[in-house]
Amino acid sequence: MATILPHPMEPIEEAEDSKFDHIDPLGIRLGTATRLDFLRIFMVDTQIGTIWLGTWGVISAMLFVAGLGVFILGGLDQVGDSPWLLVKYFGNVSMAPPDGLGLAHSMRGGGYWQMITTFWAGSVLFWGVRCWERLMRHKWRPFLLFAWLSAIFLTACIWVFHPIIVGSWAEAPALGLNGDLQWAQNFSVLWGNLYYNPWHQLAIFFLLGSCMLWGMHGATILATASESSHHEDAEIKNLTSGSQKAALFWKWTMGFNAFPKSIHDWLWWFSVGVVLASGIGILSTGLVTNDWYVWGVDHGTVKQYGPLTRSAINQWPRPMPPLPAPGGYVPAPGN
Amino acid sequence: MADLDFESAYRKPGNTLFASVLGDDPFDFWVGPFYVGFFGAVSITCIALGIAVLFIAVGQYGDWDLWRAVIPSPDRSVGLGFAGFLHGGAWQAVVILATGAFVSWGLREVDICRKLQMGFHVPAMFSLAISAWVILQILRPLLMGCWCEGFDLSFTGHLTWVSNTGFRYMNFYDNPFHAYAVMGFFLTAMVLAMHGSAILGTYNTDKDPNVEMRREDSFWRDYVGYSIGEYGIHRLGFYLAVYTLVMSDLCILTSGTLVQDWVDFWHPF
């Protein structure tokens, strides 16, 4: 098989300015485009840079850095203002959200969480504006923007819509590496085991399906790239031998095959399906039922393993569990 | 299925694994769109037998509901021995037949690759996916000394197994391989969206395909400072899927064998 190295020994490709680019006062391309030849051992493109700055990108980056700064301040607050301890416990510091839907009364009692969440929400939204602006500049159809907005939809369901529906910011994840994981565990237990939420099931189907589709599509293209199946834009117009083999492989294997264009419809909808199904699953939690296991038994999808506890089922709004004292996680001295 | 007018040029007998060893493959033909081959015959036999066992067992258990129907794994008292048909024997039969079907399906993919003279990346990736099944249902039960460690074959039943297994080792979210695997799954979904958007967003808008490729490259360089290239993106996706599967394998292989408590696991750190 022929070895394929992308752009072997080609000159640097400089970005071409368009009049679109000069509208933006911060519209400059940062850095100098260079080639990192060692990347060739991974068989990927070797050119790094340049990157477009742009007003929207600058706003997005500033909001991200602001959120990160508040996060570091909150982290220092939790470990006794010791930078070394912050590094040591970085996985465990977490900014917990406040109870109720109002403004937090103190920084430790949810103020950090509200500030960081606001900054980072602004950051991803302005990154979406930057995405849209660059897509228009390069005359892409806006598929990437819709995918980004779908991802924002899921995070908004988790951090904003669901807490508002059940009446407390405390339903949202604490910010921090471990805080994320604990929220995922606690949320499932609190709402009666999320595995029996059909939207969660559909989301996991899409998530594992995304991995499977990358396995199938990536492997198919790598296996036929010596016959140029990786030039997908060209193959969409004119199916050459590489793509013919790729199509026949799947037709002979499973009786069905996609084509260079349609496979990317499958890829896009599976990946977007992950976040859309997840978001609907989060929204329906608390609206459809307070206990997904009981819901599954009632709807005949789950075997009943024992007597049901229905005490909380019909209460609205759902009674919240007692909250831990504000201040978050404080590691024991000398631990 | 759309008729592929170039197909007749590729449908040639010979060049199969079975024929290269024994000189002739008696199943070297197509049925409709499907290629059969020796390993296809083995695979379809395993699939048919497995489905038969499945239907007989579900009929005996009596719950035909698609969500709830279950083929339970053997009781703990069975250990690594044979179980009675309704006490885990059906599960053992289905696991053996399914493993046979998966492996011969992979070898049939090798045959198809040989016929089409393409790389073996797809069967290689498929065998990695089979490794997850083999570890969950065969290797880990062997290491733990009990077939009861395998998961029940059922729609919501296997979800119950996943939930229980997570709590059995205290908190699976504290399993680092689980975290790396989940990260891999989300990364595959994100990179999949980026690649799909790039192709759907740019195909067939210029007469010259080289112009389209340059538009893709220059967009990604503007947007994130780097374009991995139309070949490199498939490398990245392929190895992200490999990474995710390997981490998933390690995640379940270490639970209960090396580590009993993933919360306590972090104590020395």
Legend entry - Conditions (1) part of a helix (DSSP H, G or I); (2) in contact with a helix residue (DSSP H, G or I) (Cβ under 7 Å, 6 or more places away or on another chain); (3) within 7 Å of another protein chain (Cβ to nearest Cβ): number failed by A:H230: (1)
Legend entry - Selected residue (criterion: surrounded by the most Cβ atoms within 10 Å (Cβ to Cβ)) from residues of the stretch A:91-134 that are within 12 Å of chain B (Cβ to nearest Cβ) and either under 19 Å from A:Q182 (Cα atoms) or among the hydrophobic types (A, V, I, L, M, F, W, C) (or both): A:C131
Legend entry - Among (1) farther than 24 Å from B:T254 by Cβ; (2) more than 20 Å from the chain's Cα centre (by Cα); (3) crowded, with 21+ Cβ neighbours inside 10 Å - the single one B:P123 does not satisfy: (2)
Inset, instruction - May I ask you to list the residues in the stretch A:255-273 that are assigned to a helix (DSSP H, G or I) and closer than 24 Å to B:F39 by Cα? - result: none
Legend entry - Top-ranked residue in the stretch B:195-223 [being within 27 Å of A:L276 (Cβ to Cβ) and more than 7 Å from every other protein chain (Cβ to nearest Cβ); ranked as surrounded by the most Cβ atoms within 10 Å (Cβ to Cβ)]: B:A198
Inset, instruction - Scan the stretch A:88-121 for residues that are in a loop (DSSP other than H, G, I, E, B) and either out of contact with any helix residue (DSSP H, G or I) (no Cβ under 6 Å at 6 or more places or on another chain) or of a type in the set (A, V, I, L, M) (or both) and jot them down. - result: A:Y89, A:F90, A:V93, A:A96, A:G100, A:L101, A:G102, A:L103, A:A104, A:H105, A:S106
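So which residues in the stretch A:20-33 are touching a Gly at 6+ places or on another chain (Cβ under 7 Å) and either in a loop (DSSP other than H, G, I, E, B) or exposed (fewer than 12 other Cβ atoms within 10 Å of the Cβ) (or both), if there are any at all?
A:D24, A:L26, A:G27, A:G31, A:T32, A:A33 - these are the residues of the stretch A:20-33 that are touching a Gly at 6+ places or on another chain (Cβ under 7 Å) and either in a loop (DSSP other than H, G, I, E, B) or exposed (fewer than 12 other Cβ atoms within 10 Å of the Cβ) (or both).
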Inset, instruction - Among what's in the stretch A:135-170 and is free of Cβ contacts under 8 Å to residues at least 40 places away in the same chain and charged (D, E, K, R), pick the residue that is farthest from the other protein chains (Cβ to nearest Cβ). - result: A:K139
Inset, instruction - Scan the stretch B:114-123 for residues that are facing chain A (nearest Cβ under 7 Å) and either in a helix (DSSP H, G or I) or charged (D, E, K, R) (or both) and jot them down. - result: B:L116, B:H121, B:V122
Inset, instruction - Could you give me the residue pairs with C-beta distances under 6 Å whose first residue belongs to the stretch B:247-269 and is outside the structural domain of B:R140 (by TED's automatic domain parsing), whose second residue is assigned to a loop (DSSP other than H, G, I, E, B) and hydroxyl-bearing (S, T, Y) wherever it lies, and which are 6+ apart or on separate chains? - result: B:S255/B:Y169; B:W262/B:Y169
Inset, instruction - Might you check whether a residue that is within 25 Å of B:L245 (Cβ to Cβ), surrounded by 22 or more Cβ atoms within 10 Å (Cβ to Cβ) and touching a strand residue (DSSP E or B) at 6+ places or on another chain (Cβ under 6 Å) occurs anywhere in the stretch A:251-271? - result: yes
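Confirm whether B:D111 is at pLDDT below 95 and either within 14 Å of chain A (Cβ to nearest Cβ) or surrounded by fewer than 15 Cβ atoms within 10 Å (Cβ to Cβ) (or both).
No, not satisfied.
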Inset, instruction - Answer yes if at least one residue in the stretch B:165-187 is closer than 20 Å to B:V70 by Cα, surrounded by fewer than 19 Cβ atoms within 10 Å (Cβ to Cβ) and at the interface with chain A (Cβ under 7 Å from one of its Cβ atoms), and no otherwise. - result: no
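Filtering the stretch B:7-21 down to residues that are farther than 13 Å from B:D111 by Cα and in contact with a helix residue (DSSP H, G or I) (Cβ under 9 Å, 6 or more places away or on another chain), which residue is farthest from the other protein chains (Cβ to nearest Cβ)? Before you say what the answer is, go through the steps one by one.
Let us first name the residues in the stretch B:7-21 that are farther than 13 Å from B:D111 by Cα, namely B:7-10.
Restricting the remaining residues to those that are in contact with a helix residue (DSSP H, G or I) (Cβ under 9 Å, 6 or more places away or on another chain) gives B:7, B:9-10.
Numbers: B:E7: 6, B:A9: 8, B:Y10: 6 Å.
If we take residues in the stretch B:7-21 being farther than 13 Å from B:D111 by Cα and in contact with a helix residue (DSSP H, G or I) (Cβ under 9 Å, 6 or more places away or on another chain), then B:A9 is farthest from the other protein chains (Cβ to nearest Cβ).
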Legend entry - Filtered residues of the stretch B:29-78 (kept if over 21 Å from B:T156 (Cβ atoms), surrounded by fewer than 17 Cβ atoms within 10 Å (Cβ to Cβ) and hydroxyl-bearing (S, T, Y)): B:T45, B:S77
Legend entry - Those residues of the stretch A:239-254 which are within 8 Å of chain B (Cβ to nearest Cβ) and not in a helix (DSSP H, G or I), in sequence order: A:L239
Legend entry - Enumeration of residues in the stretch A:287-310 that are of a type in the set (A, V, I, L, M, F, W, C) and facing chain B (nearest Cβ under 9 Å): A:V302
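Here's the yes/no breakdown for (1) over 28 Å from B:Y243 (Cα atoms); (2) more than 17 Å from the chain's Cα centre (by Cα); (3) touching a residue at least 40 places away in the same chain (Cβ under 8 Å); (4) assigned by TED's automatic domain parsing to the domain that holds B:F55:
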| position | (1), (2), (3), (4) |
| --- | --- |
| B:G84 | yes, yes, no, yes |
| B:K115 | yes, yes, yes, yes |
| B:A129 | no, no, yes, yes |
| B:W133 | no, no, no, yes |
| B:L136 | no, no, yes, yes |
| B:L142 | no, yes, yes, yes |
| B:W147 | no, yes, yes, yes |
Legend entry - Single match in A:T46, A:T55, A:T50 (criterion: in contact (Cβ under 8 Å) with a residue 12 or more places away in the chain, closer than 30 Å to A:L175 by Cβ and surrounded by 13 or more Cβ atoms within 10 Å (Cβ to Cβ)): A:T55
Legend entry - Tally, over the stretch A:210-227, of residues that are modelled with pLDDT of 95 or more, more than 7 Å from chain B (Cβ to nearest Cβ) and under 16 Å from A:M43 (Cα atoms): 0
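Say whether the condition of being under 27 Å from the mean Cα position of the chain (by Cα), in the same structural domain as B:F151 (by TED's automatic domain parsing) and within 21 Å of A:T253 (Cβ to Cβ) is met by at least one residue in the stretch B:52-73. Don't jump to the end; show me each part of the working.
Of all residues in the stretch B:52-73, those under 27 Å from the mean Cα position of the chain (by Cα) come to B:52-58, B:64-73.
From what's left, in the same structural domain as B:F151 (by TED's automatic domain parsing): B:52-58, B:64-73.
Remaining after also requiring within 21 Å of A:T253 (Cβ to Cβ): none.
Taking every residue of the stretch B:52-73 in turn, none turns out to be under 27 Å from the mean Cα position of the chain (by Cα), in the same structural domain as B:F151 (by TED's automatic domain parsing) and within 21 Å of A:T253 (Cβ to Cβ).
The values are calculated or read from the model by the stated rules, or taken from the named source; none is laboratory data. Quantities reported herein were computed from a predicted structural model and do not represent experimental measurements. All Cβ positions, even for glycine, are placed from backbone atoms using ideal geometry, and neighbour counts span all protein chains on display.
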